[in-house]
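Remarks on the structure that follows.
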Amino acid sequence: MVERWERPILHRDYDYEQRGLEDPRVTKIGDTFYMTYVAHDGKNAQTAYAESSDLTHFDKKGIISAQLTYQEAEELFQEQKLKDQYKIFASYYEDEAGQDVLLWHKDIFLFPRKIQNKYILVHRILPDIQLAFFDNFNELGTKNFWFNHIQNLHKFVLLENKHWFETQSIGGGCVPIETDAGWLFIFHAIESRNIGRVYHACAALLDKETPLHVLGRLHEPLFSPTEEWERSGMVSNVVFPTGTAQFGDTLYIYYGAADKRIAVAELSISELIAELLNPANHH
């Protein structure tokens, strides 16, 4: 039996989330559940987080994404000579929302344990996926933390968009799953076509103690929109993975389908890891 609440678990309580909340991910570290989610205020898309001890009552803690404008970030991109797509996305959002628009900072969630005494945050500054390492959550609410991080962003890029199905951008999907072989990382990719964008689900394997080291990465999508209800909806041609459940060797991947439905895909963890460790899929 599936239980569905009649009321939301989070409401729009603050100005920074008055236009909506989306893309929640939940990570358990110790006895605490951390939910990260995107908050829209009508102009900016920022990431906030909340804590819970029972998955029922969540205490909102505020914004943790970078409080930098694209204009400020673009100067840092140029100093590092990051690829042109970083600047192209900056120009796009400035044209759409104005010169004071904040960095579009989404797909943010936590690793489920500390590594080398550091919390690790998966995040996405378009078009790639990056990791941020920090000591306590108060750091994330400061402009100085993100300024220093973005000033050295090239050192923290986990995955770049490089395959045929990743032509526009990539972004984090599900909380990493720790296995004997490494961290299983499910993410999404956006392919740019003349018919519009197509979202795919993807997979990579990360080193257990040095997660910036990619052990393997599929050179084809894990799965793509093929069903009618994945190809047609609020936003067509979308599979958007955000959560998993593991039972033995079976992994269930929960994903948004065409921004209208929630669906699930099933696979064998051992078979996927074997494929990721195939030399043909080495990063």
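Brief remarks on what is shown
- Residue match in region 89-97 (condition: under 20 Å from the mean Cα position of the chain (by Cα), modelled with pLDDT of 95 or more and not hydrophobic (A, V, I, L, M, F, W, C)): no
- Some residue of region 66-78 being within 20 Å of Gly243 (Cα to Cα) and among the aromatic types (Phe, Trp, Tyr): no
- Exclusive hit being at pLDDT below 95, more than 19 Å from Glu266 (Cβ to Cβ) and basic (Lys, Arg), set Arg197, Arg217, Arg193, Arg231: Arg193
- Count of residues meeting criterion [aromatic (Phe, Trp, Tyr) and exposed (fewer than 15 other Cβ atoms within 10 Å of the Cβ)] in region 131-173: 1
- Meets criteria (under 20 Å from the mean Cα position of the chain (by Cα), free of Cβ contacts under 8 Å to residues at least 40 places away in the same chain and assigned to a strand (DSSP E or B)) for Gly256: yes
- Taking the criterion of being of a type in the set (S, T, N, Q) and either crowded, with 23+ Cβ neighbours inside 10 Å or within 18 Å of Val157 (Cα to Cα) (or both), the only residue of region 174-215 that qualifies is Thr210.
- Count of region 63-84 residues which are under 25 Å from Tyr37 (Cα atoms) and under 22 Å from the mean Cα position of the chain (by Cα): 10
- Filtering Thr250, Thr244, Thr210 for residues that are in contact with a helix residue (DSSP H, G or I) (Cβ under 8 Å, 6 or more places away or on another chain) and over 17 Å from Ile170 (Cβ atoms) leaves a single hit, Thr250.
- Any strands (runs of 3 or more DSSP E) falling wholly within region 122-193 and containing at least 1 residues that are more than 19 Å from Phe223 (Cα to Cα) and of a type in the set (Phe, Trp, Tyr): 129-134, 182-193
- Any hit, region 128-140, residues being touching a residue at least 40 places away in the same chain (Cβ under 8 Å), closer than 25 Å to Lys81 by Cα and of a type in the set (Val, Ile, Thr): yes
- Residue ID - surrounded by the most Cβ atoms within 10 Å (Cβ to Cβ), chosen from residues in region 8-34 that are within 13 Å of Lys61 (Cβ to Cβ) and of a type in the set (A, V, I, L, M, F, W, C): Phe33
- Scope region 29-58; condition under 20 Å from Lys143 (Cβ atoms) and of a type in the set (A, V, I, L, M); matching residues: Val38, Ala39, Ala45, Ala48
- Within region 230-241, considering residues that are aliphatic (A, V, I, L, M) and more than 18 Å from Gly172 (Cα to Cα), the one surrounded by the fewest Cβ atoms within 10 Å (Cβ to Cβ): Met234
- For region 259-283, the set of residues classified as among the polar types (S, T, N, Q) and either outside any loop (DSSP other than H, G, I, E, B) or surrounded by 14 or more Cβ atoms within 10 Å (Cβ to Cβ) (or both) consists of Ser268, Ser270, Asn281, listed by residue number.
Here's the yes/no breakdown for (1) touching a residue at least 24 places away in the same chain (Cβ under 8 Å); (2) touching a helix residue (DSSP H, G or I) at 6+ places or on another chain (Cβ under 9 Å); (3) surrounded by fewer than 22 Cβ atoms within 10 Å (Cβ to Cβ); (4) more than 19 Å from Ser169 (Cα to Cα):
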position	(1), (2), (3), (4)
Thr36	yes, no, no, yes
Lys43	yes, yes, yes, yes
Gly62	yes, yes, yes, yes
Gln71	yes, yes, yes, yes
Glu75	no, no, yes, yes
Leu82	yes, yes, yes, no
Asp100	yes, yes, yes, yes
Lys114	yes, no, yes, yes
Arg124	yes, no, no, no
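The values are calculated or read from the model by the stated rules, or taken from the named source; none is laboratory data. What you see is a predicted model, and the numbers here were worked out from it, not measured in a lab. Methodologically, a virtual Cβ is constructed for each residue, glycine included, from the backbone with ideal geometry; neighbour enumeration extends over all protein chains shown.
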